[in-house]
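Notes for the one structure printed next.
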Amino acid sequence: MSRASATGGLEGVIAAETVLSHVDGERGILLVRGRSLDELVARHGYEGAVALLWEDLVGPSLTRASVQRDLAVGRQRAFAALGGWLEAARHRPPLEAVRQCLAALPDDAAPAIIAGALPVGIAALLRARQGASPLAPDPALDTAADFLRMLHGAPVEPRLARALDTYMTVVIDNGLGASTFAARVVASTRASLAAAVLGAYCAFTGPLHGGAPGPTLDMLDAIAANGDIDGWLERKLAAGERLMGFGHRVFKVRDPRADLLRGALQGLGPDAGRLAFAAEVERRALAALARAKPGRKLESNVELNAALLLEAVGVPRDAFTPVFALARVAGWLAHALEQQKTGRMIRPTARYIGPLPAESDAKSP
């Protein structure tokens, strides 16, 4: 652990050593187990990326095929356990209901069982609010294709499953974000992996973290309804408000995930719907940001294209964050397992800045 003095948000403080992912925000680089995102998408896909992250943590010699089999078993176990929590959670918003899904996991749940709970649970929740029964998973499918099948009630076109698989692959891990750090903190106490993932998810739901993609569509809706892109952007910036989808705490140049998601969206063709409009908003927003904040480099982040992609494959807007978690859970589990191997509890120190007792009080018995 670094002995550097803490700054706001622990900026620059090294809190862990990891082999799992590396973020170079100054150069716009994100590596997962030494592989670029381009390589992950082209050669590994989501299950292959999980195999890389879990290698020697869940087991040796993991492969894309072996992980796909294990995650399929996890989904089947999750479907069998729906009766334990679904009825109590079905009337709550997806963001809240998924907490109950994760809280229902036993402490001895294995990584694949934990990861399998989310695609089954999210699909079941979204179908339940439409009055439809949950659809049993298909172990022959990968996670992306099976989730969309369980969500929509029938198999989807391969291009839609490929697009979601690309999304899940590029967001699987991103260094030591707040949710990942939360997973490591919980795991460091020797609490269960299920507890670590629940803690990570709770951190993830905040609007400054995993809760961000949905509001980017709200922004596009507002701009489209207004009809004046430049005027809307200028008014928001003049009021000191944030433009959703722009700027990142770590990436000081363009977020490398954004272009891969843009490519996946373009592969959907007409189903990419608002891509042309979003691209025009992005172009004008970057120009407006450059005028309003000269000297400060603000680029597009993952949120805009992520939201457009999830919308295009039929995920409801209020389920964007749970589906983001569906992908990120593999990274949380890898970090929790890696932290457990250190055997050391995370226990930072706070600098006290409050009042001190008066001298007379200090001398009193």
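Between A276, A115, A182, the Gaussian network model of the chain with springs among Cα atoms under 10 angstrom shows the greatest mean-square fluctuation at A276. Around the Cα centre of the chain, unit charges on the Cβ atoms of Lys, Arg, Asp and Glu (plus for the first two, minus for the last two) sum to a dipole of about 480 debye. In the chain, the portion of solvent-accessible area held by carbon and sulfur atoms comes to 54 percent [1.4 Å probe, whole percent, DNA, RNA and ligands not counted]. When DSSP beta bridges are restricted to pairs lying wholly in the chain, around 90% turn out antiparallel. Taking amide H positions as modeled 1.01 Å from N, with prolines and chain starts lacking one, no residue 5 or more places away or on another chain lies under 5 Å from G267. Computed from backbone phi with θ = phi - 60° and the Karplus coefficients 6.51, -1.76 and 1.60, the 3J(HN,Hα) list for region 10-27 is 6, 4, x, 7, 7, 10, 6, 10, 9, 9, 7, 8, 9, 10, 10, x, 6, 10 Hz; x is used for glycine and proline.
For region 149-268, the solvent-accessible area works out to 38 Å² per residue, with a probe of 1.4 Å and every protein chain left in place. Considering only E11, E26, E311, the Gaussian network model of the chain with Cα springs below 10 Å gives its largest mean-square fluctuation to E11. Which whole number in µm²/s is D for the chain by Stokes-Einstein, with the Kirkwood Rh taken over Cα pairs at 37 °C and 0.692 mPa s? It comes out at roughly 152 µm²/s.
Computed with a 1.4 Å probe over protein heavy atoms only, the accessible area of K341 comes to about 140 Å².
Using the scaling law 2.2 N^0.38 Å as the reference, what is the normalised Cα Rg of region 142-248?
Details: Rg = 18.4 Å, N = 107, 2.2 N^0.38 = 13.0 Å.
Compactness ratio reported: 1.42.
Of the whole protein surface, V19 contributes about 90 Å² of accessible area at a 1.4 Å probe radius.
For every helix of n ≥ 4 consecutive DSSP H residues, a contribution of -39,500 (n - 2.57) applies; sum these over the chain, divide by its total residues, and give [θ] at 222 nm rounded to the nearest 500 deg cm²/dmol.
Numbers: 16 runs with 196 residues, N = 365.
Result for the chain: -17000 deg cm²/dmol, rounded to the nearest 500.
Karplus-based coupling profile of region 55-60, in residue order and whole Hz: 4, 6, 9, 8, x, x, with θ = phi - 60° in 6.51 cos²θ - 1.76 cosθ + 1.60 and x standing for Gly or Pro.
Between I29 and D24, the built amide H atoms are under 5 Å apart, and every one of these is 5 or more places off in sequence or on another chain. Projecting the Cα atoms of V73, V197, A163 onto the charge dipole of the chain, computed from C-beta unit charges around the Cα centre, puts V197 farthest toward the positive end.
The values are calculated or read from the model by the stated rules, or taken from the named source; none is laboratory data. Everything numeric in this text was worked out from a predicted model, so none of it was measured. All Cβ positions, glycine included, derive from the backbone under ideal geometry; neighbour counts span all protein chains shown. The area values use the complete protein model at the heavy-atom level, side chains included, leaving out ligands, DNA and RNA. Shrake-Rupley method; radii C 1.70, N 1.55, O 1.52, S 1.80 Å.
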